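Student: Here it is: the structure, laid out below.
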Ligand SMILES: [Zn+2]
């Protein structure tokens, strides 16, 4: 606080009264100035002037000083010393604040008084109204400028330089050459955006992002922006302020758009062909890859737990796709070299087929679902139980065969009745024993069985996989309905071309 202004006023009528005397006001204001740490106090005194009028000698001087000097605060006893009517109060308050000074009322109760509350709420409303006016005025200005064919704001489109004098773009020849090249690759050589991106990077052509490499989305934007055929669209987006620092961009209705002609970089026919080619590429790649992505979005890396995305290799006519740990995506800037996971990529076709067939199997053999789920929940224990159950079953089958054999021997009189009876008794005792054991094992299996979800999963799997529709759509929707996650890892270490990958899969059901 260096320079502080004090304003006091008293009207002729008030001079007779006490309480509002100049002396009282000055004393209170000076005290406040000192409290604010003022180094220099400038006093403005209107003695015998009504607050109805703004034209008062000391006030005029104060306003003049505000526009010339640096004043850190203006101290007034209370608002009606400044002005008697609201419009004037608003005006002077505005001037003081625009001068960068703080307006201080000594009667601290003002802000809390009914008048004070009214004053500030009106002031708030007025300034909001002013802001709207300014916005509206500047919008009208923008529309007017755009209607005259002038660029409102330089969006720095690649291929152009902004010429301030004519408010329009001029072609930047070196960048324009790159753009023409891109359109030709797309239309004449029928390259896809990914290929174009790759070619640009391989040729070391500088991207719009200066030192960073080209990215596919940027290539796509350049190939779809109508500016290159000579039309720039203004008033296309509306920007709205949300919260303190955020602005939201929304598309305006097409009727509000204003087209501004700019020098074209490619011929309109070439631009149109490019749009058609992009559409064709899109549907073609969808057709080609339809059957390779049954599980897209569901696969997670068995090594590190991150998501696996799809990557392509091979040529255009025979594209091959793979699920690959997201940390390995070459254009991913999220993961540094050390963070990349060493998991091998898995051919999508192989994983899709394996998972689908596995579920199809489960749906036809409910017993397998139970076994599968148990194995997942209590792997070691359950595995042992099932192994012993299998062994017991095999033994029982062997004993039953023996039973039949003994009976045959007896019928063919190879053994005597007593001997047959003895043997059959022994066998059936052993079978009873085995059955007791099997019951025990089954009991144990039931005991460690997962809760209810098992039957639910069984119902869902049977419902979705028990049908005979094996179309892509049916498969995809069945998988989506049943599976939450597929955790997969390629286990073999062979890199020979013909070797069949070994994959380990864990399914998480919905
Ligand atoms: Zn991984």
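Every number here is computed from the coordinates shown, using simple stated rules; none is lab data. Since the model is a prediction, treat every value here as computed from it, not as a measurement. As a convention, Cβ positions derive from the backbone with ideal geometry for all residues, glycine included, and neighbour counts pool all protein chains shown.
Student: What percent do you get for the relative contact order of the stretch 160-286 when only Cα pairs under 8 Å and 6+ apart count?
Tutor: Taking the mean separation of contacting Cα pairs over the length of the stretch 160-286, I get 26 percent.
Student: Grab the Cα-Cα distance for residue 164 and residue 387, subtract it from 0.36 nm times how many residues apart they are, and report the gain in nm with one decimal. Show your work: numbers first, answer last.
Tutor: Values: separation 223, 0.36 × 223 = 80.28 nm, distance 8.28 nm.
Full-extension gain reported as 72.0 nm.
Student: I want to check the label-to-label distance for residue 153 and residue 254. Put each point 7 Å from Cα in the C-beta direction and report it in nm to one decimal.
Tutor: About 2.5 nm, to one decimal.
Student: May I ask you to order 272-278, 483-489 by the average number of other C-beta atoms within 10 Å around their residues, highest value first?
Tutor: Values: 272-278: 15.7, 483-489: 18.4.
Output ranking for 272-278, 483-489: 483-489, 272-278.
Student: Now for a separate question. For the chain, find the longest principal axis of its Cα atoms and tell me its angle to the long axis of helix 366-377, 0 to 90°, nearest 10.
Tutor: Here the helix axis deviates by roughly 60 degrees.
Student: Kindly provide log₁₀ I(q)/I(0) values, in the same order as q = 0.09, 0.10 Å⁻¹, from the Debye equation applied to equal alpha-carbon scatterers of the chain.
Tutor: Values returned for q = 0.09, 0.10 Å⁻¹ are -0.92, -0.98.
Student: Would you work out if the stretch 182-226 is rounded, prolate or oblate? Take a ≥ b ≥ c from the square roots of the eigenvalues of the alpha-carbon gyration tensor; rounded if a/c is under 1.5, else prolate when a/b is larger than b/c, oblate otherwise.
Tutor: oblate
Student: Let me ask another. Between the stretch 51-80 and the stretch 81-120, how far is it from one alpha carbon centroid to the other, in angstrom?
Tutor: The stretch 51-80 and the stretch 81-120 have Cα centres spaced 12 Å from each other.
Student: When the Cα centres of the stretch 394-433 and the stretch 178-251 are compared, how far apart do they sit, in Å?
Tutor: Going from one Cα centre to the other spans 84 Å.
Student: A follow-up question, please. Angle between the Cα long axis of helix 114-147 and the longest principal axis of the chain, 0 to 90 degrees, nearest 10?
Tutor: The angle comes out at about 70 degrees.
Student: At a temperature of 37 °C and a viscosity of 0.692 mPa s, determine how fast the stretch 3-112 diffuses translationally according to Stokes-Einstein, using the Kirkwood radius over alpha-carbon pairs as Rh; express D in µm²/s, rounded to the nearest whole number.
Tutor: Details: Rh = 13.8 Å.
Reported coefficient: 238 µm²/s.
Student: If you average the sequence gap of Cα pairs under 8 Å that are 6 or more apart and divide by the length of the chain, what percent do you get for the contact order?
Tutor: For the chain, the relative contact order is 8 percent.
Student: Right, here's the next one. Hey, what angle do you get for helix 57-68 against the long axis of the chain, alpha-carbon based, 0 to 90 degrees rounded to 10?
Tutor: Between the helix axis and the principal axis of the chain, the angle is about 50 degrees.
Student: Could you compute how fast the stretch 92-232 diffuses translationally, taking Rh as the Kirkwood radius over C-alpha pairs and applying Stokes-Einstein at 37 °C with viscosity 0.692 mPa s? Give it in µm² per second.
Tutor: 164 µm²/s
Student: For the stretch 5-110, what's the relative contact order in percent, using C-alpha pairs closer than 8 Å and at least 6 residues apart?
Tutor: 32 percent
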